[in-house]
Every structure is written in C-alpha cells, then in structure tokens.
Amino acid sequence: MTASIDMGREALMAAAADAFGDGFEGVIEITPDGCDPFFVDGRGPVATIFSDRPAEADCTWRSPPATLISIFQRKRALENAYLSGRLVIGGDMSVMARLVMKCD
C-alpha cells in the first residue's frame, strides 16, 4: 500500500465524518485502494459513517487514500479529483448531484 499509516481506514473514516454534513438521500460506498470499504449513509437528515454496509450502496467511490484525505480535508475539490481520474465514481449520479460537502 502506498499510503502512510496516517491514511489508514480509521483515519479516512474520521476525516469523512468531518467532511459530510447534511443527508443526500443515498448511500455511498468508499473503497480506498488497499483498504476495506466504508460507507456514508446520507438517507437521514445528517450523513453518518459506517464500517459495515448499512444498505445497498447507490454510488461507489474508488481512490488512493491520499486523494480521499485531500478531498475530505478540502485541500482538493471532489470535482477535480474526479475529472483528473484520481477518483472513480460509479452508480447513481443523482446521489452525487444532491451531495454537498462541508466547507470550512
């Protein structure tokens, strides 16, 4: 795995918890390269992070851990990561259209 220990699954989940705010009427499966997936459940009023699948994912993200951390910490725009090919998104794109990440 090319990511440092600081970018392990638990660190990614903690960073994701700080990045996702309001619900977005869907579930996103996030699969960091070299790590097990985790899930963002945005079906309620506030998005929640889970290590176990809460429901079938509507959308999936695949990316190196360093890219995910930079997105979650708002150092890199999600759109830029997607357009550059560093973040692969599959599934229901209407979920992505409803997604609003927290801002500092």
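We did not get these values from a lab; they are worked out from the coordinates using the rules stated. Here the structure is a predicted model, which means the values were calculated and not measured. Here the Cβ positions follow ideal geometry from the backbone for every residue, glycine too, while neighbour counts run over all protein chains shown.
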For the Arg86, Arg9 Cβ pair and Förster radius 22 Å, calculated FRET efficiency rounded to 0.05 is 0.75
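Based on Cβ point charges of +1 for Lys and Arg and -1 for Asp and Glu, what charge dipole magnitude is obtained for the chain about its Cα centre, in debye rounded to the nearest 20?
320
Run lengths n ≥ 4 of DSSP H only: what is the helix-derived mean residue ellipticity at 222 nm for the chain, with -39500 (n - 2.57) per run over all residues, to the nearest 500?
-8000 deg cm²/dmol
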Taking H placed 1.01 Å from N in the peptide plane, check which residues at least 5 places from Gly23 or on another chain put their amide H under 5 Å from its amide H. Val46, Ala47
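Under the rule a/c < 1.5 gives rounded, and otherwise a/b versus b/c splits prolate from oblate, where does segment 5-98 land using the Cα gyration tensor?
rounded
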Identify, among Gly23, Met93, Phe39, the residue whose Cα sits farthest towards the positive end of the charge dipole of the chain, taking +1 on the Cβ of Lys and Arg and -1 on the Cβ of Asp and Glu, with the dipole about the Cα centre. Met93
Taking the Cα-to-Cβ direction at Glu25 and at Ser94 and moving 7 Å from each Cα, how far apart do the two end points lie in nm? 0.7
If I take every Cα pair under 8 Å that is 6 or more residues apart in the chain, average their sequence separation and divide by the length, what percent do I get for the relative contact order? 29
Using θ = phi - 60° and Karplus 6.51 cos²θ - 1.76 cosθ + 1.60, couplings along segment 43-52 (whole Hz; Gly, Pro as x): 7, x, x, 10, 5, 10, 9, 10, 8, 9
Share, in percent, of DSSP beta bridges within the chain that are antiparallel, nearest 5: 70
